[in-house]
Amino acid sequence: MCGSSSSSPSKDKKKVGGKKLNVLIVDNDGMSQTAYILCLQKCGVETLGVRNEKVAVKIHDITQMRFDLILMSFVMPDMDGIQATKKFRSMEITTMIVGMTNLDENEEYCKEFMEAGLDECYEKPLTMKIFQSLVEKIFNKI
C-alpha cells in the first residue's frame, strides 16, 4: 500500500499491463499539488500536475495522454471544476474523476460538481488514506 515499507510488492502491484497508473492533478494551489504528487508517488503512481482546467482539457484533447484518475479542484481561475468535468465527460472520457473542494464551498456547489460527472468528491486536504482508497478502487475497476 501507499507509504508501506515493503517496496517490491507495492510497486509491482501499481502496474497494469506493464505500465504504472497515471494520475492527473488539476489544482492551482502549488503547495497542495506538490503534497498530492508526493503522496501519490509513495503509492507507486505516476503523476502530472497542472494548474488550470483548460490545460487539463487540452492535454486530453490534443495529445494521446490518458490517465487512470483525474483529481479536479473545484475553484480554478479560468474554468471551474464543474465546467471542466462536463467538458471531459462530453469528450467521452470515462476516467475516474474525483473532485476536491474547500471547507467554505457550500453543499449546493458540491452537489452540482457531482452532477457534472464526478465519481467522488472530497474536502481538501486529501489524506494518505484517501489516496490509498482511490488507488485500490482503480485496481478493482481494471
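The values are calculated or read from the model by the stated rules, or taken from the named source; none is laboratory data. The shown structure was predicted, so the numbers you read here are calculated from the model rather than taken from an experiment. SASA here: full protein model, heavy atoms, side chains in, ligands and nucleic acids out. Shrake-Rupley method; radii C 1.70, N 1.55, O 1.52, S 1.80 Å.
Measuring nothing but protein heavy atoms, the accessible surface of the range 64-122 at 1.4 Å probe radius is 46 percent carbon and sulfur. Rounded to the nearest 10 degrees, the angle from helix 128-141 to the longest Cα principal axis of the chain is 80 degrees. Lys111 contributes about 130 Å² of solvent-accessible surface, heavy atoms of the protein only, 1.4 Å probe. Ligands, DNA and RNA are left out, and with a 1.4 angstrom probe the accessible area of the range 36-125 is 53 Å² per residue.
For the chain, the relative contact order is 22 percent, taking Cα pairs closer than 8 Å that sit 6 or more residues apart in sequence and dividing their mean separation by the residue count. Shape analysis of the range 32-84 places it in the oblate category; the axes a ≥ b ≥ c from the Cα gyration tensor give an a/c of at least 1.5, with a/b not above b/c. Over all pairs of different C-alpha atoms in the range 46-141, the reciprocal of the mean inverse distance, the Kirkwood hydrodynamic radius, equals 13.7 Å.
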